[in-house]
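Single-structure report; data block below.
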Amino acid sequence: MMLLEENQIAFHSQDGLIFDGVKDYSRQIAEMMGLGSDSEFFQAGVRTVLDIGCGFGSFGAHLVSLKLTALCVAAYEATGSQVQIALERGLPAMIGNFISRQLPYPSLSFDMVHCAQCGIVWDKKGSKKRSMLTPLAQFTEKICWSLIAQQDETFIWQKTADAHCYSSLKKNEVPLCKEGYDTPYYQTLMPCIIGASSKRWIPIQNKSSSPDLSSVELEVHGNPEDFFEDLQVWKLALKNYWSLLTPLIFSDHPKRPGDEDPLPPFNMVRNVMDMNAHYGGLNAAFLEEMKSVWVMNVVPVRARNTLPLILDRGFPGVFHDWCEPFPTYPRTYDLLHANGLLSHLTSERCSLVELFVEMDRILRPEGWVVLSDKLGAIELARAHAT
């Protein structure tokens, strides 16, 4: 399933429903959606994809080549972890499942959800595929989804663009969620429709085709001036970080050919986590500088809720309580970055020691930590790091 080519692992395996022809599979999905090819996903408004149970990450890796963000979510596995493999390939991934709790994303977060043999038992009685489709088709009608295409075992539904559709549903079948249910953090699953009254209800065909947010989208999130100021700050900050890291990372090391910023597989930084991501400015700066990394943007649960803006920019992001373990395997990130997180956590129930031990778990050997904070917090950090 995995072949060693020189000193790198290559993936040439059958991957669920996605065979070696992942490009053909992706093109098939695009054509079923009425597009000319999968290169039109972005123009059609698809920027962010949630890939449930991603196998070896073949589909996600292909989407990355199309400049789309595919976030893999799979349940914890004691052996053969899909999430671990995806992260080793330099693809966004985290542990999560749909069994009893909401995933830590706000409503209206993703433009596409993909699930190929992903292990979800859609019918509680565990019936076969043939009979499973009948209750599934009946239920999707109740939540205003339309089956737009079917080829063999591939089915594509489209969620309605009409928010009023939900208010016309029978209340005893699928009610609307109560107000205030829109910022979940592992809440118990509730059988109700969420997000229909949100200002972020913007059909994907109306979204800007550029990677930047439109003025209308920015107004939904608050102050555009703060947003653009943040963007400029992180452009400069990343240049400073990189000038400090370059002689350390790309030195005379067996894995480091000496180039200032070598491309994969020789670049030493691929998986980056921004532990207090604010507007996602560091992620944007990495993209503008064309660094070959991806960023997991984390918004602390009691910080200002900027995660919808991060996701609307097409960046991977998640809510997290830093008094708890992050849902990933050990030694999965090359660089951890935190701006203002230590000061934020001084009023929390957990200690900085616990946070640093968790950061150590997540970080790879030879990995880097970049902290920016108030002087007192940095002095505490220095003692813990030592």
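The values are calculated or read from the model by the stated rules, or taken from the named source; none is laboratory data. Nothing here was measured: the structure is a model prediction, and the numbers come from that model. Using ideal geometry, Cβ is built from the backbone for each residue, glycine included, and neighbour counts are taken over all protein chains shown. All accessible areas refer to the heavy atoms of the entire protein, side chains included, with ligands and DNA or RNA removed. Shrake-Rupley method; radii C 1.70, N 1.55, O 1.52, S 1.80 Å.
Just a few scattered comments:
- Hits in the range 343-386 - residues which are of a type in the set (Ser, Thr, Tyr), under 25 Å from residue 332 (Cβ atoms) and touching a Gly at 6+ places or on another chain (Cβ under 9 Å): 372
- Count of residues meeting criterion [in contact with a Phe, Trp or Tyr (Cβ under 7 Å, 6 or more places away or on another chain) and either at pLDDT 90 or above or within 27 Å of residue 198 (Cα to Cα) (or both)] in the range 106-123: 2
- Some residue of the range 250-263 being surrounded by 14 or more Cβ atoms within 10 Å (Cβ to Cβ) and at pLDDT 75 or above: no
- The condition of being over 30 Å from residue 112 (Cα atoms) and either among the aromatic types (Phe, Trp, Tyr) or open to solvent by 70 Å² or more (accessible area, probe 1.4 Å) (or both) holds for only one of 326, 356, that being 356.
- Pair list, Cβ < 7 Å and 6+ apart or interchain, from the range 346-371 residues that are assigned by the TED database to the domain that holds residue 323 and closer than 21 Å to residue 249 by Cα to residues that are open to solvent by less than 80 Å² (accessible area, probe 1.4 Å) and part of a helix (DSSP H, G or I): 368/245; 369/359; 370/241; 371/342; 371/378; 371/381
- Taking each residue of the range 63-79 that is open to solvent by less than 10 Å² (accessible area, probe 1.4 Å) and assigned to a strand (DSSP E or B) and looking for partners that are modelled with pLDDT under 90 and of a type in the set (A, V, I, L, M, F, W, C) with beta-carbon atoms closer than 6 Å, six or more apart or interchain, yields 72/54.
- Applying the criterion of being of a type in the set (D, E, K, R) and surrounded by fewer than 16 Cβ atoms within 10 Å (Cβ to Cβ) to the residues of the range 212-234, the residue that is nearest to residue 287 (Cα to Cα) is 212.
- A count restricted to the range 138-155 and to residues that are closer than 22 Å to residue 31 by Cβ, out of contact with any Ser or Thr (no Cβ under 8 Å at 6 or more places or on another chain) and either free of Cβ contacts under 8 Å to residues at least 12 places away in the same chain or exposed (fewer than 15 other Cβ atoms within 10 Å of the Cβ) (or both) stands at 6.
- Qualifying positions in the range 173-219 - at pLDDT 75 or above, part of a loop (DSSP other than H, G, I, E, B), of a type in the set (Ser, Thr, Tyr) and on the phi < 0 side of the Ramachandran plot: 185, 197, 198
- Scanning the range 323-377 for residues that are out of contact with any helix residue (DSSP H, G or I) (no Cβ under 8 Å at 6 or more places or on another chain), farther than 23 Å from residue 286 by Cβ and among the β-branched types (Val, Ile, Thr) gives a single hit, 357.
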